[in-house]
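Nothing in this text is a laboratory measurement; each read-out follows from the coordinates by a stated rule. Quick caveat: nothing in here was measured; it's all calculated off a predicted structure. Quick reminder, even Gly has a Cβ in these numbers, built from the backbone with ideal geometry, and neighbours come from all protein chains shown.
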Amino acid sequence: MSTEDLAVEIRDLRVTFATDGGDVDAVRGIDLDVRAGEVLAIVGESGSGKTVTARTILGLLPETARLAGAVVLSGTDVVGLSGSRLRQLRGTEAAMIFQEPSTALNPVYTVGWQIAEGLRAHGDVSRKDARERAIDILRRVGIPDPEKRVDDYPHQFSGGQKQRIVIAHALALDPSVIIADEPTTALDVTVQAEILDLLRRCRDEFGTAIVLITHNMGVVADLADRVAVMYRGELVESAPVGELFSSPRHEYTQSLLAAVPRLEIADRAFTGATDAEPLVRAQGLEIEYAGRLGRKAFRAVNGVDFEIRPGEVLGLVGESGSGKTTIGRAIAGLAPVTGGSLRVLDVEMNGLRERDFRARRRELGFVFQDPASSFNPLLTIAQCIAEPLVVHRVARDANDARDRVDELLEAVQLPKAFGDRYPHELSGGQRQRASLARALALKPRLLIADEPTSALDVSVQARVLELFTELQERFGFAALFITHDLAVVDLLAHRVAVLHRGDIVEQGPTAEVLGAPRDPYTRRLIASLPVPDPVEQAQRREMLRGL
């Protein structure tokens, strides 16, 4: 293959970061090629060096980074280039799609202005022409009614539409390479399927090379042509996608694929007392948010019925905006019940006065999606875990609660010494274990877990889910597990309720709902879930198009 066929050529790349604790070798002498019109997926856990490698292509590393080796982009070695020369290459030769579109877009400018400004910064383009090109690129990425939407602000678009706009930014100057850093992590499975289709079109219609950074092996199976596996800064395996999934050679690749949760329709039958009084019972539950500035109220939940019995795990699934987090907040007394009935731990939540529920709060635990933001960064892990014990006067202070904290750390498989660390000193998976320990501190009868594994690497996610199952069986708490990942529900839940725009469209035993779904929306959700098998995924993609 000639060098003309290569969009990016990386040779013996080494990246070292200078830190207070000494030098950290983030990338250790890797070689990679990205061909024109090809999707190369770089996979690995957090800290493997995959994002650092991709960012060197655009010269987006901080000043503390020292680079060695060569990164050749369209015939130009970007290592050591000046800032002005790098700015000329960004957008025209290579562009980036960031993980979180809300932070990538400027909230005070219209999306059309932001795309047009990028065009004008790289050429002599009039405002009128730039606007016309912005409308055209928005149309090409699937934004409806682009002539009007071009003048809207980022907050007026859904998460999936914002990601399409970020892709439009990247495509605007027709670059030879697009670097997509976890482009679907924060998206629902159905929206994710649409974005993956759009990226596939970028490759097929525009001939764009794509460097895909992800830890989702289902996404890799759906989109990638070749896969490079990184581990602790080194490239441990590289192969065509079919070969890597069918016969992975390196043991790390094998463990990565083994950790992927799959929709296997496991029958996790509920063995508790089916005639026991439910801990949670919703009958005709309605939840509305009051309108502001003269707008009418928004109804988030439309008269739903469900129950959670002692010792049972109910999986609540649905897309963003379906109302699942609102239901979880209502059960915890954090969102108002405006209609119907919701009884939680023998307390009616409709018309609830806070003091009537205060005594019951200690029977309820909460595991948040992002433990980093739910922990006080100024407190040690032991102090964070002890907080519920101190608030509910089970212990005088964190020191008095230390024995119980050590028990909890042991239960979630963390060393006791971790109690003396601060939240930022733990990895994402370790913080989520500590979050589980805090939720269990008061021996709750009911646990609410809101997307607790969505931000974790696949292998870390597997360990946390395994731990959750062990703890649930050991302590016997009931749980509402809120997620958009059906494979996770299949692994954990005894029963599942599918929520769509505030309505429960289907519910029942997990094996029944996922194995023989009756509602078209449930079937679409299942078909949208990418599986870690390129052949099967291609078949599922065709099935989804049919739906």
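What residues have an amide H closer than 5 Å to that of His500, excluding those fewer than 5 places away on the same chain, when H is modeled at 1.01 Å from N in the peptide plane?
Here the answer is Val505, since their amide H atoms fall under 5 Å of that of His500.
Under the classification rounded if a/c is under 1.5, otherwise prolate if a/b is larger than b/c and oblate if not, where does segment 142-221 fall, given a ≥ b ≥ c as square roots of the Cα gyration tensor eigenvalues?
Verdict is oblate for segment 142-221.
Using Cα atoms only, what is the angle between the long axis of helix 428-439 and the major principal axis of the chain, expressed in degrees (0 to 90) to the nearest 10?
Value to nearest ten degrees: 10.
What number, in percent, do you get for the relative contact order of the chain if the mean sequence gap of Cα pairs under 8 Å and at least 6 apart is divided by its residue count?
15
If I stretch the segment between Tyr109 and Leu379 completely, what's the gain in nm (0.36 nm per residue apart, minus their alpha carbon distance), one decimal?
Answer, rounded to one decimal: 93.4 nm.
Residue by residue through segment 16-29, which ³J(HN,Hα) values in whole Hz follow from phi under the Karplus form 6.51 cos²θ - 1.76 cosθ + 1.60 (θ = phi - 60°), with glycine and proline marked x?
10, 9, 7, 10, 4, x, x, 6, 10, 7, 7, 10, 10, x
What 222 nm value per residue comes from the helices of the chain, counting each DSSP H run with n ≥ 4 as -39,500 (n - 2.57) and dividing by all residues, nearest 500 deg cm²/dmol? Display every interim value, and only then the final one.
Values: 22 runs with 201 residues, N = 547.
My calculation for the chain gives -10500 deg cm²/dmol from helical runs alone.
Loop-only GluC sites (Glu not before Pro) in segment 205-297, please: DSSP not H, G, I, E or B, and at most 16 other Cβ atoms within 10 Å.
Values: sites: Glu205, Glu234, Glu237, Glu243, Glu251, Glu264, Glu286, Glu288; in loops: Glu264.
Those that pass, being in a loop and sparsely packed, are Glu264.
How large is log10 I(q)/I(0) at q = 0.13, 0.29, 0.31 Å⁻¹ when the Debye formula is applied to the Cα atoms of segment 39-84, each weighted equally and without solvent?
-0.32, -1.23, -1.30
Can you give me the relative contact order of segment 280-516 as a percent, contacts being Cα pairs under 8 Å and 6 or more apart? Kindly include the intermediate steps, with their values, before the conclusion.
Details: 463 pairs, mean separation 65.9, N = 237.
RCO, segment 280-516: 28 percent.
With label points built 7 Å along Cα→Cβ from the Cα atoms of Ser341 and Asp129, find their separation and express it in nm.
Computed distance between label sites Ser341 and Asp129 equals 7.0 nm.
Counting other beta carbons within 10 Å of each Cβ, put Glu9, Glu319 in order, fewest first.
Taking fewest neighbouring Cβ atoms as first place, the list is Glu9, Glu319.
To make sure I understand the rule: partners must be lysines, Cα under 30 Å from the Cα of Lys128, and not fewer than 8 residues away in the same chain. Which ones qualify?
Result set, ordered by chain and number: Lys148, Lys162.
Using a simple spin-label model with points 7 Å from Cα along the Cα→Cβ vector, what separation in nm is obtained for Arg120 and His250?
4.6
Expressed as cubic angstrom per residue, what is the convex hull volume of the alpha carbon set of the chain?
Once divided by residue count, the hull of the chain is 170 Å³.
Return Ser246, Ser176, Ser373 ranked ascending by Cβ neighbour count within 10 Å, so the fewest neighbours appear first.
Fewest to most other Cβ atoms nearby, the residues stand as Ser373, Ser246, Ser176.
Mind running the shape call on segment 308-353? Use the C-alpha gyration tensor, a ≥ b ≥ c as the square roots of the eigenvalues: rounded below 1.5 for a/c, prolate if a/b tops b/c, oblate otherwise. Spell out each step's value before the answer.
Values: a/c = 2.39, a/b = 1.18, b/c = 2.02.
Because a/c hits 1.5 or more and a/b fails to exceed b/c, segment 308-353 counts as oblate.
If packing is taken as the average number of other Cβ atoms within 10 Å across a peptide's residues, how do 123-135, 339-351 rank, most packed first?
The packing order, highest mean first, is 339-351, 123-135.
Given the convex hull of the Cα atoms of segment 280-516, what is a quarter of its surface area in nm²?
13.4
Give me the Debye-computed log₁₀ of I(q)/I(0) at q = 0.10, 0.12, 0.16, 0.19 Å⁻¹ for segment 415-547, equal point scatterers on Cα only, no solvent, two decimals.
-0.41, -0.58, -0.93, -1.17
What does the charge dipole of the chain about its Cα centre add up to, to the nearest 20 debye, if the Cβ of each Lys and Arg holds +1 and the Cβ of each Asp and Glu holds -1?
With only Lys, Arg, Asp and Glu charged at Cβ, the dipole is about 1520 debye.
What spacing in nm lies between the two simple spin-label points modelled at Thr19 and Arg201, each 7 Å away from Cα in the Cβ direction?
4.2
List every residue whose amide H lies under 5 Å from the amide H of Ala332, counting only residues 5 or more places away in sequence or on a different chain, with H placed 1.01 Å from N in the peptide plane.
Counting only residues 5 or more places away or on other chains, the set is empty.
I need the peptides 486-497, 402-413 ranked by packing, meaning the mean over residues of other C-beta atoms within 10 angstrom, with the highest value on top. It would help to have the intermediate numbers written out before the result.
Values: 486-497: 24.3, 402-413: 17.8.
Top to bottom by mean Cβ count within 10 Å: 486-497, 402-413.
Taking every DSSP beta bridge that has both residues in the chain, what percent is antiparallel when rounded to the nearest 5? Please report the intermediate quantities before stating the final value.
Numbers: 48 of 86 bridges.
Approximately 55 percent, going by the DSSP bridge assignments.
Along segment 366-377, what does the Karplus equation 6.51 cos²θ - 1.76 cosθ + 1.60 (θ = phi - 60°) give for ³J(HN,Hα), rounded to whole Hz, x for Gly and Pro?
Couplings: 9, 10, 8, 5, 10, x, 4, 8, 8, 9, 6, x Hz.
Give the angle, between 0 and 90 degrees and rounded to the nearest 10, that separates the Cα long axis of helix 402-411 from the longest principal axis of the Cα atoms of the chain.
Between the helix axis and the principal axis of the chain, the angle is about 60 degrees.
What list of ³J(HN,Hα) values in whole Hz, one per residue of segment 527-544 in order, does the Karplus curve 6.51 cos²θ - 1.76 cosθ + 1.60 (θ = phi - 60°) give from phi, with Gly and Pro shown as x?
Using θ = phi - 60°, the values come out as 5, 7, 6, x, 10, x, 7, x, 5, 5, 5, 4, 5, 5, 4, 5, 5, 5 Hz.
Among the GluC sites (Glu not before Pro) in segment 23-107, which ones are in a DSSP loop with at most 11 other Cβ atoms within 10 Å of the Cβ? Mind listing them?
Answer in residue order: Glu63.
Please list, in chain and number order, the residues 5+ apart from Met96 or on another chain whose amide H is under 5 Å from its amide H, with Hs placed from the backbone.
Counting only residues 5 or more places away or on other chains, the set is Ile179.
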